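Structure, as structure tokens:
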Amino acid sequence: MYRFLLTPRWWAINVFLLLSIPFCVFMGSWQLGRFEDRVDNHREAEAQVADAKKDTPRPLDDLLPVTKATSGKQATATGRYDTQLLVPGRSLDDKDGYYVLTLLRTDTGRALPVVRGWLPGEPDPAKAPAPPAGEVTVTGALQASETPGSNGVSARSGLPQGQTAAISAASLINLVPYDVYDAWVTLNDGDSGMTAVPATAPGGTGLDLKAFQNLGYTAEWFAFVGFVIFMWFRLFRREVELARDAELGIAPTDVAAESTESAGSADSVTEREPSSTSGV
């Protein structure tokens with residue numbers, strides 16, 4: 001009955017089965033490993049940000065350019081506050097609000113974007129506390145410039161005057177007449193009663209869409225293993241049924257003919273029933 005397994009067709013089917021299952025398992029395991037790596041990177045990045053608060057602050061220029069190693073490090077800079085902007089659409093503790101961003105003019109001729117704090121509600125310049133006058137020294141967590149459209153940063157344009165969607169040199173250079181550092185600092189303590197904005201992990205280390213795509217691909221590869229086995233079993237059962245019918249002398253054409261004759265007999269009976277009833 002099982003001689004069909006020795007045919008070239010079934011040799012090809014079995015070889016495909018034996019090759020596809022380990023391949024799918026390997027790919028699923030690889031995608032799962034990628035997801036676990038991203039989870040580990042996320043945890044390490046969060047731990048780095050938490051540990052960086054304990055570090056001794058270093059001059060800003062010593063930490064530039066911002067990398068994964070320097071992101072979140074404590075930086076210090078001295079200068080005078082200048083232009084103040086509001087950054088709408090920023091949530092904190094599940095509350096909608098905005099950042100108060102003030103540019104610190106340093107002796108280098110460039111300005112450092114400083115997030116002095118967060119306020120709830122819609123952006124309102126009248127509610128944003130004015131920056132301290134005179135020379136000040138700020139200390140906070142160093143952050144890389146934001147990229148509009150990623151990590152929750154809005155990419156919309158046409159904001160009212162005095163607002164910016166992203167904290168980046170590329171965005172701010174169009175709003176002020178001087179050079180801007182390609183980085184920004186969030187103060188450890190909110191200025192003038194505002195809520196301090198916590199530092200975030202470096203870009204590319206969070207549980208973003210790519211991480212969950214890896215998890216989805218993992219499920220797909222393992223699901224494909226089950227699909228391959230299921231299809232092989234269906235083909236095998238069909239071949240067994242055909243082999244059993246052949247041993248009983250029942251050809252596929254005979255089965256089809258019997259089905260047709262049965263259907264024809266049923267139609268004939270249905271046609272005769274009204275005439276019999278009418279005769280009564």
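A few comments on the model shown:
- Looking across 131, 160, one residue alone is touching a strand residue (DSSP E or B) at 6+ places or on another chain (Cβ under 8 Å) and either modelled with pLDDT of 90 or more or in a loop (DSSP other than H, G, I, E, B) (or both). It is 131.
- Some residue of the stretch 218-237 being over 30 Å from residue 108 (Cβ atoms), crowded, with 17+ Cβ neighbours inside 10 Å, modelled with pLDDT of 90 or more and under 17 Å from the mean Cα position of the chain (by Cα): yes
- Some residue of the stretch 119-133 being touching a residue at least 60 places away in the same chain (Cβ under 8 Å), under 25 Å from residue 54 (Cβ atoms) and buried (at least 19 other Cβ atoms within 10 Å of the Cβ): no
- Qualifying positions in the stretch 56-97 - small (Gly, Ala, Ser), surrounded by fewer than 19 Cβ atoms within 10 Å (Cβ to Cβ) and more than 12 Å from residue 121 (Cα to Cα): 69
- Flag for residue 109 being in the same structural domain as residue 146 (by TED's automatic domain parsing) and either assigned to a loop (DSSP other than H, G, I, E, B) or in contact with a Leu (Cβ under 6 Å, 6 or more places away or on another chain) (or both): yes
- Qualifying residue in the stretch 38-49 (condition: closer than 24 Å to residue 137 by Cβ and part of a helix (DSSP H, G or I)): yes
The values are calculated or read from the model by the stated rules, or taken from the named source; none is laboratory data. Just so it is clear, the model here is predicted, and its values are computed rather than measured. So basically every Cβ, Gly included, is an ideal-geometry build from the backbone, and we count neighbours across all protein chains shown.
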